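A quick write-up on the structure given underneath.
The values are calculated or read from the model by the stated rules, or taken from the named source; none is laboratory data. Note that this is a predicted model, so its numbers are computed, not measured. For neighbour counting, all protein chains shown are included, and Cβ atoms are generated from backbone atoms with ideal geometry for every residue, glycine included. Accessible surface areas use protein heavy atoms only, side chains included; no ligands, DNA or RNA. Shrake-Rupley method; radii C 1.70, N 1.55, O 1.52, S 1.80 Å.
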Amino acid sequence: MTVMPEPDALLFPALTAMSMHYLQPAGHWLEALPLGNGRLGAMVFGGWKQERIALNEDTLWSGYPMAGKDPDGAAVLPQIRKLLQQEEYHAADALCRQLQGPYTQAYMPLGDILLEMENDAPPERYCRALHLDRGLSEVYYEQAGICWLRQCFITHPRRALVLRIAASVPGSVCFRVSMHSVHPHTLSMMQNGVCCMEGICPEQADPSYVRSENPIRYNQEPGSASLRWAGLLCVHAEGGETKVEADGIRVRGASAATLVFTAASSYAGFLPGAKGGDPAAAAAEAMGYARGTSFEQLLKEHENDHRSLFDRVQLALGDDPKAHLPTDARLVQAAHTPDKGLETLLFQYGRYLMIAGSRPGTQPLNLQGIWNEETVPPWSSNYTININTQMNYWPAETCALPECHLPLIEFVEGLAQTGRVTARTVYGAEGWTAHHNSDLWRHTQAVGGGQGYPVWANWPMGGAWLCRHLWEHYQFQPDAAYLQRVWPVLREAARFLLTFLSEDAEGRLVTSPSTSPEHEFIAPDGRPACTSVSATMDTAIVRDLFGICVQASALLDTDEEFAGRLQDALTRLMPYQAGSDGALLEWSRPFVPQDPHHRHMSPLYPLHPGDEFSPESTPEWCAASRRFMEVRGDEATGWSMAWKINLYARLHQGNDAYRLMRALFHPYSPQSSLSWSGGGFYPNLFNAHPPFQMDGNWGYTAGIAEMLLQSHAGALHLLPALPDAWQSGSVHGLRARGGYTVDMEWKEGVLTSAVIAAAHSGACTVRYTAPLQVFLNEQRCTAQYQGAGKTGFFAEAGSLYRLLPGESD
């Protein structure tokens, strides 16, 4: 990788195009830089006098395993359906509240490592950086003739945070380190010189949008089921004196020092009756993996592990003349002038955040990934599974991080257990279901406690949508054993839908009650209403999951009778419809939308993330989808704009996708308040809803991958939505369904070479044009090669299929 110009080799030793850097410490959490290993998360502020490292651990949530909270809907559901048949929408909305269970619990911060340096002189030079390709935070400054370097990372192999403090003058390192938490906690010093902080999570945390005089409630009584946690910190100083104090550790006169932090909780599972162990003992076990190993060895192991994932994909979109600028300054400039280097950096930042936030065996990424500093975080920092959790994982397969997808897959397997009770109790249905919110405890009920608004609460399609992720993982990495493992989850989610569907007056199978997530319509009486029958997204998800199960059944040669029932049901579902303006209808009737520019793009599920619509096979529905997007408009929340990038990419409209990308380059202040339109990025490049939500980062990364490579329509489609702005470039390592890895280069908007590697023998169909530019759109295709395809054969696993200039059919 090209190394940036260095103003001072000693002060700025290793800034590259994959480095984010700043010339001042973070003054706000949304200016700090993230580290993680999937389980531990940290935000490094980079203070030269006082350093704060804000900590998270992925199982620190409020609440505890509970059972018996599902409302009994047996008597209510038939009444709701009758009211909807009579078009009594408001009365149906009111009854839907009786189907609601409790709110989800909230993801919690752990606490802070606080470092107090003894030198008060202001620095003469300063820089802090996050190296995405190394998973490493560095803080450099020059102070009174001494050069200081702090390096911090969180190692996945050793399950620990590691911080090293070094100075250019021996004996200069003097500091005091302690820990603190907002939760009730105690500090103690263990016999081996380890500082131990032990605490407890709240028993109950009310959502941020619910009025409560006491939103956070603790139970510290003996026998409390609340999660307990522990964080351990040790210091190894090179020379000088180390003194263990009552609430911290002090070092004086050292040449360097290495700090190691580990943490654990008493979480033992989501099912009632799960008994957790001693978190301090678990943290001590992790400490044993790292303590006593040299910093150099820990860093080498960490970088090797991190690079084994990060280096799989490389992207170049052209020159990067602004790489020397601080990242916050680049973001401000990029709002007005395109910055291809920053566009590339943000693509890789999404991949970095996934590596840092989601590893095998950890909890899945929530609304804030694994980084949160608030005990009452926005929307409880939970799993919002009507778009946001799904978007978190859109780049996992295409961007070559399939193992990072596993926490979500295991999460869905857990929902399938708790969701059986919800399906049976609330709907009298077989199989399993989950609504729009979940948490560590695999919550599947409609939230609200009888007070939630049905337009977001009463939507039992979350589990079915999540099943697409199980299928995508198989498509990108075909493995019969894996498909056999997840088949019961897929089948039982489809079984719920099959038994939840009811017949309308015309004999069609419909979902009732039905909502289009978070978006109301105007009822005939002129008032906004929530529930109706078979909103378009419901139909799309049912069609998608039934189709997936039919394919999986055939592949596994199992459950043929059940697959036949699904095929029969597919012929009886409500059809898609277009309105008088040509746009795809959002509901099964031409209701007027309460918000014509609403953030959710729910009716376009068949276009993305589904695969039912494509320009090649359903041009009429793609036209209706595009018209829907034109009416909806561009401006929205950050994650919504990221969704639109992916949607335009699926329509093969690269310039439209790029326009949405450019609109996201809007700098937000960390103090920005809640807004439902105009997303962007904070100084540390976290995506702004606002407030902060991580899904927009991953949606952005996935969108770029979709612009460059698609494989959902039965062939590898190279450069399907290349914008004019990216005239020349290259990408290496993107993955396609079927087990393929693709490298591409292009110049002046035309593909010049492609190499496709297969993990199996067989054939691969590729779409391209003029001579290797791939089916971009009608404006870029030539008559000679428009719609051309080429089939390449792989003689054995690992063989390559090369497309070179001049080849055609």
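No other residue among V533, V542 is of a type outside the set (G, A, S), more than 25 Å from H469 (Cα to Cα) and touching a helix residue (DSSP H, G or I) at 6+ places or on another chain (Cβ under 6 Å) apart from V533. Taking the condition of a type outside the set (V, I, T) and outside any strand (DSSP E or B), does A263 pass? Spelling it out, it is not the case that A263 is of a type outside the set (V, I, T) and outside any strand (DSSP E or B).
One line per residue, one yes/no per condition, for (1) at pLDDT 95 or above; (2) surrounded by fewer than 24 Cβ atoms within 10 Å (Cβ to Cβ); (3) part of a loop (DSSP other than H, G, I, E, B):
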position: A642; (1), (2), (3): yes, no, no
position: D656; (1), (2), (3): yes, yes, no
position: R659; (1), (2), (3): yes, yes, no
position: S672; (1), (2), (3): no, yes, yes
position: N697; (1), (2), (3): yes, no, no
position: G703; (1), (2), (3): yes, no, no
position: G714; (1), (2), (3): no, yes, yes
position: A725; (1), (2), (3): yes, yes, yes
position: G733; (1), (2), (3): yes, yes, no
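Checking the condition closer than 30 Å to V731 by Cβ, modelled with pLDDT of 95 or more and of a type outside the set (S, T, N, Q), which residue from G47, G41, G27, G63 passes?
Values: G47 fails: closer than 30 Å to V731 by Cβ; G27 fails: closer than 30 Å to V731 by Cβ; G63 fails: closer than 30 Å to V731 by Cβ.
Unique residue meeting the criteria: G41.
Is it the case, given these coordinates, that E303 is among the charged types (D, E, K, R), over 28 Å from the mean Cα position of the chain (by Cα) and at pLDDT 95 or above?
On the way: among the charged types (D, E, K, R): yes; over 28 Å from the mean Cα position of the chain (by Cα): no; at pLDDT 95 or above: yes.
Judged against the criteria, E303 is not a match.
Checking every residue in the stretch 108-128 against the condition of being open to solvent by less than 30 Å² (accessible area, probe 1.4 Å), in a loop (DSSP other than H, G, I, E, B) and at pLDDT below 95 gives zero matches.
With the condition kept exactly as written, say whether any residue in the stretch 90-104 is part of a loop (DSSP other than H, G, I, E, B), polar (S, T, N, Q) and open to solvent by less than 10 Å² (accessible area, probe 1.4 Å). Lay out the reasoning, then the answer.
Of the residues in the stretch 90-104, the ones part of a loop (DSSP other than H, G, I, E, B) are 101-104.
With polar (S, T, N, Q) added as a condition, the list becomes 104.
Still in the list and also open to solvent by less than 10 Å² (accessible area, probe 1.4 Å): 104.
Checking the stretch 90-104: at least one residue is part of a loop (DSSP other than H, G, I, E, B), polar (S, T, N, Q) and open to solvent by less than 10 Å² (accessible area, probe 1.4 Å).
What do you reckon, is W676 among the aromatic types (F, W, Y) and assigned to a loop (DSSP other than H, G, I, E, B)?
Details: among the aromatic types (F, W, Y): yes; assigned to a loop (DSSP other than H, G, I, E, B): yes.
Yes; evaluated as a whole, the condition is true for this residue.
Tell me which residues, restricted to the stretch 451-470, are more than 20 Å from A423 (Cβ to Cβ) and open to solvent by 10 Å² or more (accessible area, probe 1.4 Å).
Step one: filter the stretch 451-470 for residues more than 20 Å from A423 (Cβ to Cβ), giving 451, 453, 455.
Hits for the stretch 451-470 are Q451, Y453.
Of all the residues in the stretch 213-233, those that are farther than 12 Å from C201 by Cβ, touching a residue at least 40 places away in the same chain (Cβ under 8 Å) and surrounded by fewer than 22 Cβ atoms within 10 Å (Cβ to Cβ) number 1.
Restricting attention to the stretch 735-745, the residues that are in a strand (DSSP E or B), at pLDDT below 95 and open to solvent by 10 Å² or more (accessible area, probe 1.4 Å) total 4. Here is a check on your reading of the model: is H666 more than 21 Å from P720 (Cβ to Cβ), touching a Phe, Trp or Tyr at 6+ places or on another chain (Cβ under 8 Å), open to solvent by 30 Å² or more (accessible area, probe 1.4 Å) and touching a residue at least 24 places away in the same chain (Cβ under 8 Å)? Yes. Against the test of being closer than 15 Å to W394 by Cα and touching a residue at least 40 places away in the same chain (Cβ under 8 Å), the options A657, A713, A725, A649 yield a single qualifying residue, A649. Across the stretch 304-329, the number of residues qualifying as open to solvent by less than 30 Å² (accessible area, probe 1.4 Å), out of contact with any Asp or Glu (no Cβ under 6 Å at 6 or more places or on another chain), outside any loop (DSSP other than H, G, I, E, B) and of a type outside the set (S, T, N, Q) comes to 3. Can you tell me which residue among P78, P157 is assigned to a helix (DSSP H, G or I) and either within 30 Å of R442 (Cα to Cα) or at pLDDT 95 or above (or both)? Unique residue meeting the criteria: P78. Looking across E630, E620, E612, E561, one residue alone is open to solvent by 20 Å² or more (accessible area, probe 1.4 Å), of a type outside the set (S, T, N, Q) and part of a loop (DSSP other than H, G, I, E, B). It is E612. Being touching a residue at least 40 places away in the same chain (Cβ under 8 Å), out of contact with any helix residue (DSSP H, G or I) (no Cβ under 8 Å at 6 or more places or on another chain) and open to solvent by 20 Å² or more (accessible area, probe 1.4 Å) narrows it down to one of G277, G248, G292, G273, so name that one. Result: G273 is the single residue among G277, G248, G292, G273 that is touching a residue at least 40 places away in the same chain (Cβ under 8 Å), out of contact with any helix residue (DSSP H, G or I) (no Cβ under 8 Å at 6 or more places or on another chain) and open to solvent by 20 Å² or more (accessible area, probe 1.4 Å).
Residues that are closer than 21 Å to V455 by Cα, out of contact with any Pro (no Cβ under 9 Å at 6 or more places or on another chain) and charged (D, E, K, R) within the stretch 575-591 comprise just one, R589.
Out of Q551, Q577, which single residue is surrounded by fewer than 20 Cβ atoms within 10 Å (Cβ to Cβ) and within 29 Å of the chain's Cα centre (by Cα)? Working first, answer last.
Details: Q577 fails: within 29 Å of the chain's Cα centre (by Cα).
Among Q551, Q577, only Q551 is surrounded by fewer than 20 Cβ atoms within 10 Å (Cβ to Cβ) and within 29 Å of the chain's Cα centre (by Cα).
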